[in-house]
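The values are calculated or read from the model by the stated rules, or taken from the named source; none is laboratory data. Not measured: the values here are computed from a predicted model. So basically every Cβ, Gly included, is an ideal-geometry build from the backbone, and we count neighbours across all protein chains shown. The protein model used for the area step is the full one, side chains on, heavy atoms only, and it has no ligands, DNA or RNA in it. Shrake-Rupley method; radii C 1.70, N 1.55, O 1.52, S 1.80 Å.
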Amino acid sequence: MIFPILVILKVLLFMNITDIQYNGTLTFMTSTLITMLIFSIIYFSRYKNKNVIGLSAYVLISFIMFVDAMYYSYFNTLPSVKLFSLLGEAGAVGESIADLFTLKNALFLLDIPILVLYIIKAMKKEPKAYNKYIRWGIPAALGLFNVILMSYLASSDLMATVSSQELYTYHVKDIRNALTEEEAVLGRSFFTEEDIVSLKERSKLMKGQYTGLGQGKNLIVIQVEALQNFPINCFYDGQEITPNLNRLIKDKGTLYFNNYYQQIGRGNTSDAEFVTNNSLYPSSEESIYKAYADNTFYGLPWILRDNGYTSWVFHGYKKEFWNREKAYVNQGFQRFLSEEDYEFTEEETVGFGIIDEVFYKQTLEYIKELDSVDENPFHAFIISLTSHTPFNMPEKFQYLDIREEHKGTILGNYLQAIHYADMALGKFIESLKEEGYYDNSVIAIYGDHFAITGLNESGISLMTDFLGKPYDLDEMMKVPLIIHVPGLEENRTITKLGSQLDFLPTILNIMGYENEKGIMFGRDLINYEGETFVAPITYVLKGSFIDDEIIFYMSRDGIFKNSTAKEKYSKKKIEDLEALRDTYELVIEEINKSNYILKADLIRHLLDNDGEIDFDNIGSGNVIDEESILKCYKNPMEQLSEGLLSGSKIMSVMVKWSNDKVVLSDGTDMESLVQWMNEHEGIYVILRSEEDESIFMAIRDAYPELMNRFIAEMTDFEQHIVLSNKAYKHIIINLAGKSYEEEEVIEFLNRTPLDGVIVGDESVNIKFVNKIQGMNIPVYAENEDSINLIGAGGK
């Protein structure tokens, strides 16, 4: 029984690496009991090869923990099986992954060769046999303990907390979710016509400082790989790290945004491109270019094209990487120059491919071709490559004199790489001057994402020592934005807090063009005077934010009160989290709205309908608006007809399993209900069940044409992912008899808006009801015969 003992020890290591913060005892108990159950089934079986089976299970579990630990070390979250779609990209960053292979992470695998030898030796012995009482009794007892523990977690509403951080339950839940279809679009309960009006108003050109200075000029935008803000104006032992960018910042006509942050999702560099050009939030689940390549967008390339520009994009890597070749079409780029369009030798490559010097030199020749297309100005979007992690530069490209203590470290390597990137960029800028483009082009340069993580001890220690100040999420996510505007007679550093989300409205102000057809979430960082925040959705949990004074970290269990916050500059812990709730809720609301736009392909609907939206044709609306919903449980078909005669539009039925078939509460076949609904269009039916969610899935599979009229009634937060992913357009939750705290319910509804909420009839807290109604969600109380509206909710 050595394997379960070793797994349990590794569980402790796993909990340490993944920083389990809440319900650690229950998390450990869950992992321990599941581990013991798995290996008891193996060891007390009659299989002759039980040792080999046990070793196989041990290796698999160890490998999963190793992958989880490696991923967590970089992304500060556990991986999802959905990320298998990105394995093609992982091969290209093999060296970066190798940098995460620390001794601590390696401990999950180091003992395996020894155990293989041990098992080979043990196979010479006859495996021990057990009598049937032990063979069945011990696994049965452990199974019972697991059932009791899971029941306790479910009844205490702790399952969501534990399964967000515990090894086995996390992956079971993740696989279950991944097997379902794409997440359903969230409904009008939180995205309304008023939101469209508000966002379009936000997207209007706000004339002010520097408005239109770049109108009629070319626009050259350069996204520099892994350019963080800390190297700007920084010296290493008297050596200027980015002399050319520093010189550009000091040049007349340059605006330097020094309080600017990355805003990326799972697509890293490609998401930085997307957010910069579209002013929409990325997805926390998948790369935008992969998941939404076929969506319609109206960002910077399209806006400039509508104003006479020709828009090309340049990147010296494979065109298929991040699905760029397909995604760029709907982004609005008219031509994509990729690796196959550049000529270079093996000596002119580093890491991913072509070095920046060669890339920029040949890109300039393509820019000349672009300039000759017509007499109108052009838009060139350029994505650099050489300064990509792990920053292993050949000696001939290492120009800085690095101390011994920093040689071979990620800091020393990065400084060499970004110094080279700055040198290549400086040569490119000089070439633009020589060719006459510098004085006739607005040039914007920014970093795509961080280079050195501030989420593990080694990165924090190294950078804190180098910078002489704490290195955390705030410093890690800062990237520079530098915009040179010909004709601007001043030089300025702008300290307004912003992110890549704000690039589009900011550059449109300078260029003097309005986003007349699309919508933007960002702000013009030059002229907007209101408060701003940055809302990262990767490396920290959704809901986290950075503003001018505070860094707020959303708790991994999704509970607001368990979160942490600190002052941005003093790093002092903030005890009063309630003062931050309004900003937290605004952050969730903004991300949810942007997510809706992606999933509903809302920009397409805006463009097809001259800026108007018919929500009934694109997703779920809030259809729950009856004052009284009839419960048709005793004689459902008769009661449904009676309800129809009395004018009811929404009624509730109970469904159950009977001989592997779904039937109504009185045994009536589902076909009868479906036929009745087909005869009476405009009627909605709430599906209630005491079974698990599989019964809802069976109904969905059998009657997909009625998914817009069936309303699934869930009783547990955990059920939402399955029900929404399985395309139920309308979902309500019944809280009667549940022990969720009011705060947890409000947070859940903020993060996953529903069509309605049913509360217990015995003790309705009016303040609680008012909060839900304030979210445009109707609230019902239930009696024996009907479900009755407490407030108008979405009306």
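The set of residues from segment 366-380 being assigned to a loop (DSSP other than H, G, I, E, B) and either within 28 Å of the chain's Cα centre (by Cα) or without any contact (Cβ under 8 Å) to a residue 12 or more places away in the chain (or both) comprises S372, E375. For segment 480-512, a tally of residues being of a type outside the set (D, E, K, R) and closer than 15 Å to N278 by Cβ returns 9. Tell me, yes or no, whether segment 242-262 has at least one residue that is closer than 19 Å to N76 by Cα, of a type outside the set (G, A, S) and either outside any helix (DSSP H, G or I) or touching an Asp or Glu at 6+ places or on another chain (Cβ under 6 Å) (or both). Within segment 242-262 (the criterion being closer than 19 Å to N76 by Cα, of a type outside the set (G, A, S) and either outside any helix (DSSP H, G or I) or touching an Asp or Glu at 6+ places or on another chain (Cβ under 6 Å) (or both)), the answer is yes, since at least one residue qualifies. Of the strands (runs of 3 or more DSSP E) lying entirely inside segment 690-759, the ones with 1 or more residues being open to solvent by less than 10 Å² (accessible area, probe 1.4 Å) and small (G, A, S) are found at 710-714, 756-759.
Residues of segment 386-396 include at least one that is of a type in the set (D, E, K, R) and either surrounded by 14 or more Cβ atoms within 10 Å (Cβ to Cβ) or more than 28 Å from Q334 (Cα to Cα) (or both). Would you check which residues across segment 386-407 are under 18 Å from C234 (Cβ atoms), part of a helix (DSSP H, G or I) and more than 34 Å from the chain's Cα centre (by Cα) and list them? The answer is E405, and nothing else. Here segment 112-130 is the region considered, the condition is being without any contact (Cβ under 8 Å) to a residue 40 or more places away in the chain and farther than 29 Å from M29 by Cβ, and the residue that is most open to solvent (accessible area, probe 1.4 Å) is K124.
Scanning segment 74-84 finds no residues that are at pLDDT 90 or above and part of a helix (DSSP H, G or I). Inside segment 543-578, residues that are open to solvent by 50 Å² or more (accessible area, probe 1.4 Å) and touching a helix residue (DSSP H, G or I) at 6+ places or on another chain (Cβ under 6 Å) make up a count of 0. For S287, the requirement of being within 22 Å of M511 (Cα to Cα) and within 21 Å of the chain's Cα centre (by Cα) is not met. Summed over segment 308-331, the residues that are assigned to a loop (DSSP other than H, G, I, E, B) and in contact with a strand residue (DSSP E or B) (Cβ under 6 Å, 6 or more places away or on another chain) give a count of 3. Counting the residues of segment 279-293 that are free of Cβ contacts under 8 Å to residues at least 40 places away in the same chain and in a loop (DSSP other than H, G, I, E, B) gives 1. Exactly one residue among I460, I429, I383 is under 25 Å from the mean Cα position of the chain (by Cα) and at pLDDT 95 or above, and that residue is I383.
The rows are residues; the columns are (1) of a type outside the set (S, T, N, Q); (2) without any contact (Cβ under 8 Å) to a residue 40 or more places away in the chain.
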residue	(1), (2)
T495	no, no
L501	yes, no
G512	yes, no
G518	yes, no
E531	yes, yes
